[in-house]
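The values are calculated or read from the model by the stated rules, or taken from the named source; none is laboratory data. Remember, predicted model here, so these are calculated numbers, not experimental data. Here Cβ is always computed from backbone atoms with ideal geometry, including for glycine, and neighbour counts include all displayed protein chains. SASA here: full protein model, heavy atoms, side chains in, ligands and nucleic acids out. Shrake-Rupley method; radii C 1.70, N 1.55, O 1.52, S 1.80 Å.
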Amino acid sequence: MIIGILREQNGEKRVSILPEQAEALVKNGNTLWVEAGAGDAAFAADALYLQKQVSVEPRDKILQQANVLLVYGAIPESSLQLIKEGTVLIGTYQPLFQYQLMKKWADQKLTTFSLDMIPRTTRAQSMDVLSSQANIAGYKAVLLAANLFPRYFPMFMTAAGSIAPAKVLILGAGVAGLQAIATAKRLGAVVEVSDTRPAVKEEVMSLGAKFIEVEGAADASKAGGYAVEQSDEFKQKQQARLTESVAKADIIIATAQLQGNKAPLLITEVMLQQMKPGSVVIDLAASTGGNVFGVKNNETILLHGVTLVGNSQLAADMPWDASKLYGKNVLNFLQLIIDKTGNLQLNFEDDLVKGCCITHDGAITHTRIAELIEQQ
Ligand code: NAD
């Protein structure tokens, strides 16, 4: 079977599989092709792939002949025309937002596995791209904030005067939020955290941060670990409680998400105006609307004296490790769908295979995506 690694478009710096990970697939009897320069931005040169028996081939040939195409982001329309029916695409395609695109891929009879849809179960952990990338994003968000902040993070007592520690407020204690807490603590900040899932309180406290208690959150126990939309009453209580913390905060790292929906707006303009000039907000939820008033996706702006950064792709700014972890996720998933003799075995009885399969055999196979298309 031929597995093709495509060069990403639109400035994406990650590559789907690094040379050492590709080697495992070659040893398993597969033929691996890589498009020239696919790994350059992740510091994996063509020569390194060649050393692992991965041959460098023209893009069109890979698109036309590979049985499996590995590409992190969506394939441009012009390239799509070259792909033959039945080809398997593996990547991170955000189908809950890109369902029209998924419809096109289904019509073209492609089999699409979007790893951002893999169920968040223990068995899926080694393939969980949302976790591997969110962990990096949470870390990077704090480093970026520290860089933009015109003050220290840690407390200092010096002969020239004392420095108070920075106060960091983290919205959302999922994978990114927890890593942001740990990173901010390592830099010496004082950290407060808000989340609607009471289950995270202990994790937050074990990292040395303070959990902001707000009673009456909606029950999310049937949402596969994800948060759910809150009642207006809860939102008002949370906002009142957050207003105090926002006014004190020097840094806000916003990570609160509602799977497949617009992110909750947690910081209003009035709250933002209470922040000290020079404060910094990093909003990782910017691509779905953001948690903070005024945030613009993929932009850094100054509003009411506060630097607002909207960036939902911060993991891509650490392309070496982001590719290493993402590539391992992809490799683990491939090992689930390729047998020991190098043939595709798509077992749709397996909840992981079924859970992240979006299109197959000319149809949208994922119920939630199919519903979204029907509602259009
Ligand atoms: P996410 O990116 O969907 O959301 C980030 C955080 O924002 C979540 O903790 C969420 O509760 C919080 N949030 C949502 N609305 C909020 C609001 N209005 N105010 C404050 N906070 C709000 O989360 P994620 O990091 O992708 O994690 C989602 C779930 O998946 C978690 O329960 C996590 O423990 C679970 N998970 C499971 C596995 C596994 O077992 N394989 C792996 C990773 C994560």
| request: Quick one: net charge around residue 119, please, counting Lys, Arg +1 and Asp, Glu -1 for every other residue with C-beta under 11 Å from its C-beta. | output: 0
| note | Semi-axes a, b, c in Å (a largest) for the range 42-174, each sqrt of 5 times a Cα gyration tensor eigenvalue, come to 43, 20, 14
| message | Please identify the DSSP H helices in the chain that span no less than 20 Å along the helix axis (Cα) and have a mean Kyte-Doolittle hydropathy of 0.0 or more. | response | 129-148, 319-337
| request: Work out the length of the dipole vector of the chain about its Cα centre, built from +1 on the beta-carbon of each Lys and Arg and -1 on the beta-carbon of each Asp and Glu, and round it to the nearest 20 debye. | output: 640 debye
| Radius ratio Rg over Rh of the range 135-317, counting only Cα atoms, Kirkwood formula for Rh | 0.95
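How much net charge surrounds residue 163 when only the other residues with a Cβ under 14 Å from the Cβ of residue 163 are counted, with Lys and Arg +1 and Asp and Glu -1?
Here the charged neighbours net out to +1.
Taking only protein heavy atoms into account and a 1.4 Å probe, give the accessible area per residue of the range 135-317 in Å².
Result: 47 Å² of accessible area for each residue.
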| Please identify the trypsin sites (Lys or Arg not before Pro) of the range 276-376 that satisfy two criteria: DSSP loop assignment and at most 15 other Cβ atoms within 10 Å. Which are they? | 296, 340
| Where in the range 28-65 are there chymotrypsin sites (Phe, Trp or Tyr not before Pro) that are in a DSSP coil and have at most 14 other Cβ atoms within 10 angstrom of their Cβ? | 43
| Diffusion coefficient, µm² s⁻¹, Stokes-Einstein with Kirkwood Rh over alpha-carbon pairs of the range 265-308 at 25 °C and 0.890 mPa s | 239 µm²/s
| note | A 1.4 Å probe over the protein heavy atoms gives the chain a carbon and sulfur accessible-area percentage of 52 percent
| said: Please compute the length gained on full extension between residue 201 and residue 164, using 0.36 nm multiplied by the number of residues separating them and subtracting their Cα-Cα distance. | reply: 10.7 nm
| task | Read phi for every residue in the range 284-300 and hand back ³J(HN,Hα) as whole Hz from Karplus 6.51 cos²θ - 1.76 cosθ + 1.60, θ = phi - 60°, with x for Gly and Pro. | result | 7, 9, 4, 5, 10, x, x, 9, 10, 3, x, 5, 10, 5, 6, 9, 10
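Which entries in 167/276; 222/354; 167/324; 140/354; 222/328 show an alpha-carbon gap greater than 21 Å?
167/324; 140/354; 222/328
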| query | Considering only DSSP states other than H, G, I, E and B, which trypsin sites (Lys or Arg not before Pro) in the range 218-268 qualify as loop sites with at most 13 other Cβ atoms within 10 Å? | reply | 222, 262
| So, counting K/R as plus one and D/E as minus one, what does the shell of residues with Cβ under 14 Å around residue 243 add up to? | +1
| message | Per residue of the range 351-360, what does 6.51 cos²θ - 1.76 cosθ + 1.60 with θ = phi - 60° give for ³J(HN,Hα)? Whole Hz please, x for Gly and Pro, Karplus curve as stated. | response | 4, 6, 5, 5, x, 10, 7, 9, 9, 6
| remark: Residues whose modelled amide H sits under 5 Å from the amide H of residue 89, counting only those 5 or more places away in sequence or on another chain, are 69, 111, 112, 113
| request: Enumerate the calculated ³J(HN,Hα) couplings along the range 75-86 in order (Karplus 6.51 cos²θ - 1.76 cosθ + 1.60, θ = phi - 60°), each rounded to whole Hz, writing x wherever the residue is Gly or Pro. | output: 7, x, 3, 4, 6, 4, 4, 7, 7, 7, 4, x
| Tell me, what is the Rg over Rh of the chain, with Rh the Kirkwood radius over Cα pairs? | 1.01
| field | the range 194-271: radius of gyration and largest Cα-Cα distance (Dmax), Å | value | 12.6, 35
| query | Using 7 Å Cα-to-Cβ label points, what is the residue 77/residue 53 separation (nm, one decimal)? | reply | 4.1 nm
| query | When the Kirkwood hydrodynamic radius is evaluated over all pairs of different C-alpha atoms of the range 308-368, what value in angstrom, to one decimal, is obtained? | reply | 14.1 Å
| Normalised by the residues of the range 79-185, what does the relative contact order come to in percent, with Cα pairs under 8 Å and at least six apart? | 21 percent
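What are the semi-axes of the equivalent ellipsoid of the range 67-134, taken as the square roots of 5 times the eigenvalues of the Cα gyration tensor, listed largest first and rounded to whole Å?
They are 23, 12, 11 Å, listed largest first.
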